[in-house]
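Take a look at the structure below.
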Amino acid sequence: MKTMIGTLLGASFLAALASTPVAAQQTTLTIATVNNGDMIRMQALTSDFTAKNPDINVKWVTLEENVLRQRVTTDIATKGGQFDVLTIGTYEVPIWAKKNWLVPLDKLSADYDAKDILPKIADAVSVKGTLYAAPFYGESSMTMYRTDLFQKAGLTMPESPSWEFVIDAAKKLTDKSAGVYGICLRGKAGWGENMAFLTAMANSYGARWFDEKWQPQFNGPEWKATLTDYVNLMREAGPPGASSNGFNENLALFNAGKCAMWIDATVAASFVTNPKDSKVADKVGFALAPNKGLGKNANWLWAWNLAIPAGSKKVEAASKFIEWATGKGYTDLVASKEGWANVPPGTRTSLYRNEAYIKAAPFAKLTLASIDSADPNHPTVKPVPYVGVQYAAIPEFQGIGTQVGQQFSAALSGAAKIDAALIAAQAATEREMKRAGYIK
């Protein structure tokens, strides 16, 4: 009798167990990203993604720009496997794709509408027509300025200012006793920090990294004019400690009312005009990046993108996250939470046809014009053998650009003379290009 009861109970238990749904095993995605405002906002909205995908958990690793680049480059080159989704730039995507370090994004859903990505941005993150990363936001660079300070000084910002105008205006607008500086520019060493800005500036001055035979050009008059004007301008009209300031530091200074002008990424426009972030939100105007009358403005082309490292065992989950974060639905989500002016810019054609966005974002048309006018295939006044506006798209550039950036940051801080910094930049670049076999 006991045996029969036990058998029945056991059968009942097994039947009940079989009918109970087994909880889905969670996949944890570790995502490496940069500590820029749009990415911080994305993290705050991640619950929207996990609510739709309860089987996926998200772990963020948020790093300063230079540190992020070092960490993800080391990880992917050594196949470390620390990250499931990488935030990388337009510089890395084609180089890493050709090394087979990235998973091609050729299975995105029809709803994602990859054809809606702006052509200039799509080309920058594709190899032979295949996407290897999805752009989270795209940018060029522009001149942001304080309309109230310009009006007070009797100055009018041209739509396409010259460097001569910018330099003169910066000096006139500087009021150090009031803690207001005529201009804020990147000075922090790094190929994607001070050298991104200085390379774009140098392009407008007629300079180039290499001639057509890959010979470095820092010993030419164009680079000397660029660095001399930059250093002198920052010493006369820039904030103290400028050699430590990158994008985020200058954004904070501008939003605090400390900068009369700031030439930097177009993506900053939504932050400098957002009353939640900026004390001068209603006093900001926009113009193109400056020029020297040689046919090139100092504007670049860039996108921060999400990519999947090759060898990942979480491709399906990573792809879902990338579609969520870079899709049209995410744009609508940000618009509903933060307003249209604060959606990630510079990636989709449809955004620049959206009347609600155009009305909310006074900088939208200028951003698109700056992106469209940047030409990675012809970035300089004279011919060059490389592709890229604020960088040369060769594997060696990351190391070379960092070394040169350190020399130029030292010139800005006063730790090195301008001529000495140029000589050191020339020597370091020649050495690395010889080692890599570009020149003898």
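I'd like the full set of residues that are part of a helix (DSSP H, G or I) and closer than 16 Å to Thr199 by Cα, limited to the stretch 214-242.
Pro221, Glu222, Trp223, Lys224, Ala225, Thr226, Leu227, Thr228, Asp229, Tyr230, Val231
The residues in the stretch 78-102 that are surrounded by fewer than 20 Cβ atoms within 10 Å (Cβ to Cβ) and of a type in the set (Val, Ile, Thr) can be counted, and the count is 2. On the stretch given as the stretch 74-100, residues that are assigned to a loop (DSSP other than H, G, I, E, B) and more than 20 Å from Gln43 (Cβ to Cβ) total 8.
Within the stretch 112-134, being in contact (Cβ under 8 Å) with a residue 40 or more places away in the chain, in a helix (DSSP H, G or I) and buried (at least 19 other Cβ atoms within 10 Å of the Cβ) holds for Tyr112, Lys120, Ile121, Ala124.
Residue-wise test of (1) assigned by TED's automatic domain parsing to the domain that holds Asp332; (2) under 21 Å from the mean Cα position of the chain (by Cα); (3) at pLDDT 95 or above.
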position	(1), (2), (3)
Ala51	yes, no, yes
Ile56	yes, no, yes
Thr62	yes, yes, yes
Val72	yes, yes, yes
Thr78	yes, no, no
Thr90	yes, yes, yes
Leu118	yes, yes, yes
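Restricted to the stretch 150-169, and to residues there that are of a type in the set (A, V, I, L, M) and part of a helix (DSSP H, G or I), the residue that is surrounded by the fewest Cβ atoms within 10 Å (Cβ to Cβ) is Ala153. Please work out which residue is surrounded by the fewest Cβ atoms within 10 Å (Cβ to Cβ), limiting yourself to the stretch 208-234 and to residues that are out of contact with any helix residue (DSSP H, G or I) (no Cβ under 8 Å at 6 or more places or on another chain) and charged (D, E, K, R). Per the criteria, the residue is Lys213.
Against the list (1) assigned to a helix (DSSP H, G or I); (2) out of contact with any Leu (no Cβ under 7 Å at 6 or more places or on another chain); (3) closer than 25 Å to Ala44 by Cβ, the condition Arg71 fails is (2).
Can you pull out every residue in the stretch 311-331 that is modelled with pLDDT under 95 and either of a type in the set (Ser, Thr, Tyr) or within 30 Å of Ala196 (Cα to Cα) (or both)? If the condition is that a residue be modelled with pLDDT under 95 and either of a type in the set (Ser, Thr, Tyr) or within 30 Å of Ala196 (Cα to Cα) (or both), then Ser312 is the only one that fits.
Is the stretch 171-179 home to any residue that is under 19 Å from Gly293 (Cα atoms) and part of a helix (DSSP H, G or I)?
No: zero hits.
Here the stretch 179-207 is the region considered, the condition is being within 15 Å of Tyr391 (Cα to Cα) and in contact with a strand residue (DSSP E or B) (Cβ under 9 Å, 6 or more places away or on another chain), and the residue that is surrounded by the most Cβ atoms within 10 Å (Cβ to Cβ) is Asn203. When Phe218, Phe210, Phe247 are checked against the criterion of being in contact with a Phe, Trp or Tyr (Cβ under 8 Å, 6 or more places away or on another chain) and among the hydrophobic types (A, V, I, L, M, F, W, C), Phe210 stands alone in meeting it. The conditions of being more than 30 Å from Ser160 (Cβ to Cβ) and either buried (at least 21 other Cβ atoms within 10 Å of the Cβ) or in contact with a Lys or Arg (Cβ under 8 Å, 6 or more places away or on another chain) (or both) are met by Thr326. If you go through the stretch 286-314 and keep only what is surrounded by fewer than 16 Cβ atoms within 10 Å (Cβ to Cβ) and touching a residue at least 12 places away in the same chain (Cβ under 8 Å), you end up with Gly293, Leu294, Gly295, Gly311. If you check Thr147, Thr156 for being within 21 Å of Ser270 (Cα to Cα) and in the same structural domain as Lys283 (by TED's automatic domain parsing), only one passes: Thr147. Count of the stretch 389-425 residues, restricted to those that are of a type outside the set (Val, Ile, Thr) and either touching a Phe, Trp or Tyr at 6+ places or on another chain (Cβ under 7 Å) or outside the structural domain of Arg235 (by TED's automatic domain parsing) (or both), is 11.
Within the stretch 204-235, the set of residues being closer than 21 Å to Gly399 by Cβ and touching a Ser or Thr at 6+ places or on another chain (Cβ under 6 Å) comprises Ala207, Arg208, Pro216. Scanning the stretch 135-149 for residues that are crowded, with 24+ Cβ neighbours inside 10 Å and hydrophobic (A, V, I, L, M, F, W, C) returns Met142, Met144. Restricted to the stretch 353-367, and to residues there that are in contact (Cβ under 8 Å) with a residue 24 or more places away in the chain and part of a helix (DSSP H, G or I), the residue that is nearest to Met42 (Cα to Cα) is Thr367. Restricting attention to the stretch 332-342, does a residue exist that is in a loop (DSSP other than H, G, I, E, B), buried (at least 18 other Cβ atoms within 10 Å of the Cβ) and outside the structural domain of Arg208 (by TED's automatic domain parsing)? Checked the stretch 332-342: no residue is in a loop (DSSP other than H, G, I, E, B), buried (at least 18 other Cβ atoms within 10 Å of the Cβ) and outside the structural domain of Arg208 (by TED's automatic domain parsing). Just for the stretch 343-368: of the residues that are among the hydroxyl-bearing types (Ser, Thr, Tyr) and over 19 Å from Ala265 (Cβ atoms), which one is surrounded by the most Cβ atoms within 10 Å (Cβ to Cβ)? Here the residue is Thr349. Ile439 falls short on exactly one of the conditions (1) within 25 Å of Asp116 (Cα to Cα); (2) in contact (Cβ under 8 Å) with a residue 24 or more places away in the chain; (3) not basic (Lys, Arg), and that condition is (1).
The values are calculated or read from the model by the stated rules, or taken from the named source; none is laboratory data. This is a predicted model, so every value here is computed, not measured. Positions of Cβ are generated from backbone atoms using ideal geometry, with glycine treated the same way; all protein chains shown enter the neighbour counts.
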